[in-house]
Amino acid sequence: MGCEAPFRLYILSDSLGETADLVARAAASQYAPGTFEVVRLATVSSAASLEEAVRSAARGACVFFYTLVDPALRRRMQEVVEEIDLAAVDILGPAIGALSEAARVQPRGERGAIRKTDRGYFQRIEALEFAVRHDDGRHPEGLPEAEIVLIGVSRTSKTPLSMYLAFKGYKCANVPLMAEVEPPAELFEVDPRRVFGLKADPDLLVSIRSQRLSELGVYARSYAEGEAVMRELDAARAVMRRIGCVVVRTDNRAIEETAQEIIRYLEQ
């Protein structure tokens with residue numbers, strides 16, 4: 001028998017709680033939408049504030065996801081969980097314990113350390129800003145600065161791929177290719193090994209574009225017409241040949257899968 005919706009998943013942390021939030025949402029995504037509600041509690045900094053937050057929230061059916069770096073807070077959380085018979089998931093504790101035992105070193109117990117030491121965090125922020133600024137062919141003068149440039153006709157997943165790669169820390173730009181429209185000159189100044197052409201099945205593109213027009217309530221026959229799509233694809237292939245870039249399929253694939261293929265080519 002299922003639980004009454006929404007069943008609450010509480011996020012508790014002595015920092016921002018981003019890790020626990022991500023894990024809770026990943027777990028919740030495996031169930032029907034609306035089954036669970038993720039609720040972040042205030043940041044705790046003492047055993048007293050932790051106990052108050054937990055006891056105030058635990059008044060109904062719920063599960064706690066917590067990330068507590070401070071060993072004293074983690075011990076107190078474990079005690080409270082046992083005292084009031086809570087369902088709780090310790091996200092960091094087992095991982096920290098395994099690392100300490102295997103490497104025979106003691107953790108620092110510093111809250112928010114990942115944001116202070118993880119250079120990748122700042123790289124991702126910078127990369128996301130770059131991707132937004134250079135989305136859909138904007139600011140072509142910045143293309144030579146890009147680590148990855150995606151090119152392709154409309155609806156070949158250029159923008160979603162750019163944002164995903166940016167989240168991975170890569171400065172990514174994307175440029176739409178259109179029949180009878182010359183791409184920006186700066187595109188041909190980029191190292192071909194950093195340019196990736198995106199292609200998809202023509203019939204699938206027609207279907208996606210038709211659906212898109214229907215959703216927008218717009219009529220633009222040539223945009224979703226088979227012959228027009230074929231002309232665009234032919235023109236795009238010609239540009240890709242001029243550049244000499246790697247061509248990657250995006251149809252019937254997850255964004256993550258396509259991105260990993262691009263990253264593998266880039267690292268080679």
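The values are calculated or read from the model by the stated rules, or taken from the named source; none is laboratory data. None of these values were measured; they are calculated from a predicted model. So basically every Cβ, Gly included, is an ideal-geometry build from the backbone, and we count neighbours across all protein chains shown. Only protein heavy atoms, including side chains, enter the accessible area calculation; ligands, DNA and RNA are left aside. Shrake-Rupley method; radii C 1.70, N 1.55, O 1.52, S 1.80 Å.
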Original post:
Amide H to amide H, which residues 5 or more places from residue 39 or on other chains are under 5 Å from it, using H placed in the peptide plane?
Top reply: 9, 10, 11
Original post:
To the nearest 20 debye, what is the magnitude of the charge dipole of the chain about its Cα centre, counting +1 on the Cβ of each Lys and Arg and -1 on the Cβ of each Asp and Glu?
Top reply: 260
Original post:
Using bins 5 angstrom wide from zero, how does P(r) for the stretch 1-85 break down, in % of all Cα pairs?
Top reply: 3, 15, 26, 24, 18, 10, 4, 1
Subject >> Å² of accessible area per residue within the stretch 14-73, as computed with a 1.4 Å probe and no ligands counted >> reply: 53
**OP:** Mind checking the stretch 119-180 for GluC sites (Glu not before Pro) that DSSP puts in a loop (not H, G, I, E or B) and that have at most 11 other Cβ atoms within 10 Å?
**Re:** 180
Subject >> Pairs of Lys in the stretch 77-205 closer than 20 Å at Cα, counting only those 8 or more apart or on different chains >> reply: 4
Original post:
Sorted by packing (mean other beta-carbon atoms within 10 Å per residue), highest first, where do 94-105, 231-242, 149-160 land?
Top reply: 149-160, 231-242, 94-105
Subject >> residue 152 long-range amide H proximity, modeled H, under 5 Å >> reply: 175, 177, 198
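Please give the calculated 222 nm ellipticity per residue for the chain, where each DSSP H segment of at least 4 residues contributes -39500 (n - 2.57) and the sum is spread over every residue; nearest 500 deg cm²/dmol?
Numbers: 10 runs with 122 residues, N = 268.
Only helices count here, giving -14000 deg cm²/dmol.
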Original post:
Distances over 24 Å make up what percent of all Cα-Cα pairs in the chain?
Top reply: 62
Subject >> Diffusion constant of the stretch 172-268 at 25 °C, which comes from Stokes-Einstein with the Kirkwood Cα-pair radius and 0.890 mPa s, µm²/s >> reply: 166
Original post:
Within the chain, what's the longest stretch lacking chymotrypsin sites (Phe, Trp or Tyr not before Pro) that sit in DSSP loops with no more than 15 other Cβ atoms inside 10 Å?
Top reply: 32-218
